[in-house]
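I have placed the structure first, in the form of structure tokens, so that the comments after it can refer back to it.
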Amino acid sequence: MDDTVIRIKDAVVSYREDVALQGVSLEVRKGEFVGIIGPNGAGKTTLLTVINGLGKLIHGQAWVLGSRLNGGNGINLRKRLGYVAQVENIDPRLPISVRETVMVGCYGRLGLFHRPTRAQWETVDKVLEMVGMAHLAQRPIGHLSGGEYQRAAIARALVQQPEIFLLDEPTASIDQKAQHEILSLIQLIHKQYHMTTLFVTHDLRRLPSICQRLILMRDGKIWQQGSPESMLREEVLSQLYGAPISLPNDIAPLQT
Amino acid sequence: MDLSIFQYHFMQNAVLAGLLGGIACSVVGVFVVTMHLSFIGVCIAHAAFAGALLGLWLGFNPLLGALLFSLASAAIIGPVADRGELNPDTSIGIIFSLMLGLAFLFMGLMHGARTEALNLFWGSILTVTRQDIIFLAATTGAVVGLVAAFYKEIQAVICHRQVALAVGIPATIIFYGLLFSTGVTITASLQSIGGLLIYCLILNPAAAAYQLTYSLKKMLFVAVAFGVVSCWAGLAASYLLDIPSGAAIVITSAIIFGLATAFSPKRKVKGWQQVPLAG
């Protein structure tokens, strides 16, 4: 039985004169945890936007959860995908609480004209408890630290009950302790729900240890891919980043 | 105080226009303020003004011209702000200056007295007609109805637009709907508040409410209360002091904003840990 949930063939994406993806082909199986690394501008985020239907292909094809992306069906697909981006600057006076922000994750599936039910609010509270944010539920979202904000973002993606989890540098711009906590949370979630997960980072230290496959991207292409053990070698990484890379002892695939 | 003035239809119309305009402008103001789109709103307001002047110049209903110009400007500004092909501030500034230029051009091309054009400039809540009230009531009803029907989507889009897009909410349609609602509200309020002043009534009550609460629902109600109070207090000041009504309304709303800012609990954000401010 074919358990492929993401299939991309020869994808090309261009932002005006810049080609962000150049002929990328990729298959991801259900329940797989895939890490995507590469220097800035390698096309990692663009690859995620192709998967969630926000990136427009100028060539190639993409199938996600059995549907071929055609530009018009992305909105229905996104209801089934959890997406967590890196910490964004947010207005501290924004009139929305953490609990309400997490509930936004349900809104796509709920559809127009339907209000959240009591059961859905209870789910939000349970997920907030799970990510360790229950005590901050009523706090305005703009008053959170970077690490707390990412926990809320993960909670929001979880209440969406996604079939695929897309994480775009979720540990960028937050302190070391918070990075460690976010990585532990992501690993816990993957172990608990066996969700297909794509984790993008440019920081080798921030790769979760449960990563099963590592994709190395450079110049809008998949340069190499394989097991973390085969990819995380100094000569491979030095070529990828175009600079000498020495692997620290605490590199994340082995310890987080 | 002599209340016999309220026996007159023109005063009853003015009170109604203040109520309806205060509600509609404040509600769309909450969207504009929360999304930090103040300049876009100013631009739409001036487009409506230019369209109304075109109507006066060519002899068709100025409200129709205002409606067409405000919707067209919203349709142009939305993609310009979204796509980022040009710096949004620059491109919106160019559209804004074009609209202002067109407004003065149409005014300059008019023959004879320009009283009606000047009324659109400053607004005249004391001369609104039944037809204006009906249009304003329909607009206010539509805006309030849309907010009630799509509250959760609007909340998601104005607070977390990219997240709304990522979870499968039709965020782009909602965003354009909010811009068009702003355009229609400005058109409907043009006669009573005036093209130059209308935007202050959109911005000031919502900005004042933004200082006072972290709850979007409360912000909507507080903004509406401030908007209606601004209109009625301005109207009273206009009647009692014999000053232009539009200016009195705007100055009242600015005073309310000043007071809200001075007493805003959000100015003490650092005290959050000790004193919860939510709600």
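Read-outs throughout are calculated quantities, based only on the coordinates presented, and are distinct from any laboratory measurement. Small disclaimer: the values here were computed from a predicted structure and weren't measured. No Cβ is skipped: glycine too gets one built from the backbone with ideal geometry, and neighbour counts run over all protein chains shown.
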Residue list for the range A:146-168, given a label point 7 angstrom along the Cα-to-Cβ vector of A:GLU88 and an amide N cut-off under 19 Å: A:146-160, A:165-168
What is the distance, in nm, between label points placed 7 Å from the Cα along the Cα-to-Cβ direction at B:ARG130 and at B:ILE5? 2.4
Shielding of B:155-161 by partner chains, average beta-carbon count, 10 Å: 6
Quick one: length gained pulling B:ILE255 to B:HIS36 fully straight, 0.36 nm per residue minus the C-alpha distance? 76.7 nm
Amide H to amide H, which residues 5 or more places from A:ARG29 or on other chains are under 5 Å from it, using H placed in the peptide plane? A:VAL5
Volume per residue (Å³) of the convex hull spanned by the alpha carbons of the range A:118-239 is 124
Size-normalised alpha-carbon gyration radius of the range A:27-90, reference 2.2 N^0.38 Å: 1.19
The range B:27-59 residues near the modelled B:HIS111 label - backbone nitrogen below 13 Å, point 7 Å along Cα→Cβ: B:57-59
Would you calculate the volume per residue, in Å³, of the smallest convex hull containing every Cα atom of the range A:161-222? 100
Can you work out the Karplus-derived ³J(HN,Hα) for every residue in the range B:193-199? Use 6.51 cos²θ - 1.76 cosθ + 1.60 with θ = phi - 60°, whole Hz, and x for glycine or proline. 9, x, x, 7, 9, 4, 5
Label points 7 Å out from Cα along the Cβ direction at A:HIS135 and B:PHE221: separation in nm? 3.1
Along the Cα-to-C-beta direction of B:ALA148, a point sits 7 Å from the Cα; which residues of the range B:207-224 have their amide N less than 19 Å from that point? B:216-224
For the protein assembly as shown, the Cα-Cα pair-distance distribution in 20 Å bins from 0, as whole percents, is 20, 45, 27, 7, 0
In whole Å, what are the extents of chain A along the principal axes defined by its C-alpha atoms, from largest to smallest? 52, 43, 41
Please figure out what share of the DSSP beta bridges in the protein assembly as shown is antiparallel and state it in percent, rounded to the nearest 5. 55
Take B:LEU240 and B:ASP89, extend 7 Å from each Cα along the Cα→Cβ direction, and tell me the distance between the two endpoints in nm. 4.1
Over 21 Å between C-alpha atoms is what I'm after, so list which of A:LYS79/B:LYS218; A:LYS30/B:LYS152; A:LYS56/A:LYS221; B:LYS152/B:LYS218; A:LYS44/A:LYS221; A:LYS126/B:LYS218 land there. A:LYS79/B:LYS218; A:LYS30/B:LYS152; A:LYS126/B:LYS218
Looking at the range B:46-134 from every direction and averaging, what is the projected area of its Cα convex hull in nm²? 6.5
The range A:103-163 to the range B:107-181: how many Å between their Cα centroids? 31
Can you bin every Cα-Cα distance in the range B:1-72 into 5 Å intervals starting at zero and give me the percent of pairs per bin, rounded to whole numbers? 3, 15, 13, 16, 18, 15, 9, 7, 2, 0
Given only helices, namely DSSP H runs of n ≥ 4 each adding -39500 (n - 2.57), what is the per-residue ellipticity at 222 nm of the protein assembly as shown, to the nearest 500 deg cm²/dmol? -18000 deg cm²/dmol
Show me B:61-71, B:102-112, A:153-163, B:256-266 ranked by packing, highest mean number of other Cβ atoms within 10 Å first. A:153-163, B:61-71, B:256-266, B:102-112
Quick one: grab the alpha carbon gyration tensor of chain B, order the square roots of its eigenvalues as a ≥ b ≥ c, and give me rounded if a/c is under 1.5, else prolate or oblate depending on whether a/b is larger than b/c. oblate
